[in-house]
Amino acid sequence: MRTKLIALISSLLLSSCALNNPLFISNDCEFPINTPYPGGVLNVEITNKDFNENEKIFAEGLKSYICRYSAKNYKIFIPIPLEFKKKKIEIKQGTTLLHSIKVLEKNYRESRITISNEEYVSPSEKMLPRIREEYKLSQEAKNTFSLMKIKNWKMIKPVQGVMSSEFGVRRFINDEPRNRHSGMDIAAPEGTEVKAPLSGEVIIASTFFYKGNVIYVNHGAGLVSSYSHLSKIEVKNGDKIKTGDVLGLVGQTGRVTGPHLHWEIYLLGIAINPEVFLATSL
């Protein structure tokens, strides 16, 4: 099963290899709104008349995405990684400077949690091969790129509940520093329906060590979402889903301290604050 998952995801990845800059054609390039901070998406108009959509863009080594909304009108999307440290982003094409954008500071708080099950804090040697394989699968899923069309980027909230941990917090587990929080936690009673915030295709529906019951959805054009710690999965690999379809039920599987949904959004493989993509605020 896992070998088939790797093959499926790898085939989707191949479609992006020939592209200098992924190009998204839409009547609406205003969304996601410009959020030029680590964990956000830079969204700016390209006004330079010498711009060529077929030539590579350079932006401080960051991945970029072009949105064309008329014959000669473009915007550029740049997902900004959480670990990005520079104060500005210069966007160039060849020697031409298209933009120089200030990167806003974003102060993320600390989060300290206690996990009583030591296996989820310091896994045993016998669990490490499984953890490595699941990490590989998740990395490939996050970087999926396909030419599926997205009518719009605006998402609905996947579950009714209260945000219990926001994106980007600096995490400490049993007082040991860990990776930054790459998603949003929404607390809700176990069994609450988790719905697709946007249409797409299920590329992983499985059980992982840390994530518990987890689903990854390819929304097309480099946009991928995931849903972790579910008590039940209601979809399978390859399912085509629509906005509002039930994906699964809130649970507390994997490494958790209580029932909640851990929701992640990736654009071109970069973790982005899910709030950036919500049509309405939480």
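Readers should treat all values here as calculations from the given coordinates under stated rules, not as data from a laboratory. Note that the coordinates shown come from a computational prediction; the quantities given were computed from them, not determined experimentally. Note that each Cβ is placed from the backbone with ideal geometry, even for glycine, and that neighbours are counted across all protein chains shown.
Legend: ranking of residues ARG132, ARG171 from fewest to most surrounding C-beta atoms inside 10 Å; resulting order ARG132, ARG171. Computed from the coordinates I sent, semi-axes √(5λ) of the Cα gyration tensor in Å equals one of [x] 30, 21, 17; [y] 32, 21, 18; [z] 52, 17, 14. Tell me the label. Matching entry in [x] 30, 21, 17; [y] 32, 21, 18; [z] 52, 17, 14: [y].
Using unit Cβ charges (K, R positive; D, E negative) and no other charged atoms, how large, in debye to the nearest 20, is the dipole of the chain about its Cα centre?
For the chain, the charge dipole is close to 460 debye.
Going by neighbour counts of Cβ atoms within 10 Å, the residues LEU223, LEU128 line up, fewest first, as LEU128, LEU223.
Using only DSSP helix segments of four residues or longer, with each worth -39500 (n - 2.57), what per-residue ellipticity at 222 nm results for the chain after dividing by its residue count and rounding to 500? Walk me through the numbers before you get to the answer.
Working: 2 runs with 28 residues, N = 282.
Theoretical 222 nm ellipticity from helices: -3000 deg cm²/dmol.
When you filter the trypsin sites (Lys or Arg not before Pro) in segment 23-66 for DSSP loop state and at most 15 other Cβ atoms inside 10 Å of their Cβ, you are left with LYS49, LYS56.
Neighbour counts of other Cβ atoms within 10 Å put GLU264, GLU119 in the fewest-to-most order GLU119, GLU264.
Rounded to the nearest Hz, the phi-derived 3J(HN,Hα) couplings of segment 242-251 under the Karplus curve 6.51 cos²θ - 1.76 cosθ + 1.60 (θ = phi - 60°) are 10, 3, x, 5, 6, 8, x, 10, 4, x, where x marks glycine and proline. Evaluated at q = 0.25 Å⁻¹, a Debye calculation over the C-alpha positions of segment 113-162 (equal weights, vacuum) places log10 I(q)/I(0) at -0.98. With Cα atoms as the point set, the radius of gyration and Dmax of segment 107-240 evaluate to 15.8, 46 Å. For segment 20-102, what does the alpha-carbon gyration tensor say about shape, rounded, prolate or oblate, given a ≥ b ≥ c as the root eigenvalues, a/c under 1.5 as rounded, and a/b over b/c as prolate? Oblate, because a/c is 1.5 or more while a/b does not exceed b/c. Of all lysines in the structure, the ones whose alpha carbon falls short of 16 Å from that of LYS195, not counting any fewer than 8 places away in one chain, are LYS154, LYS157, LYS232, LYS236, LYS240, LYS242.
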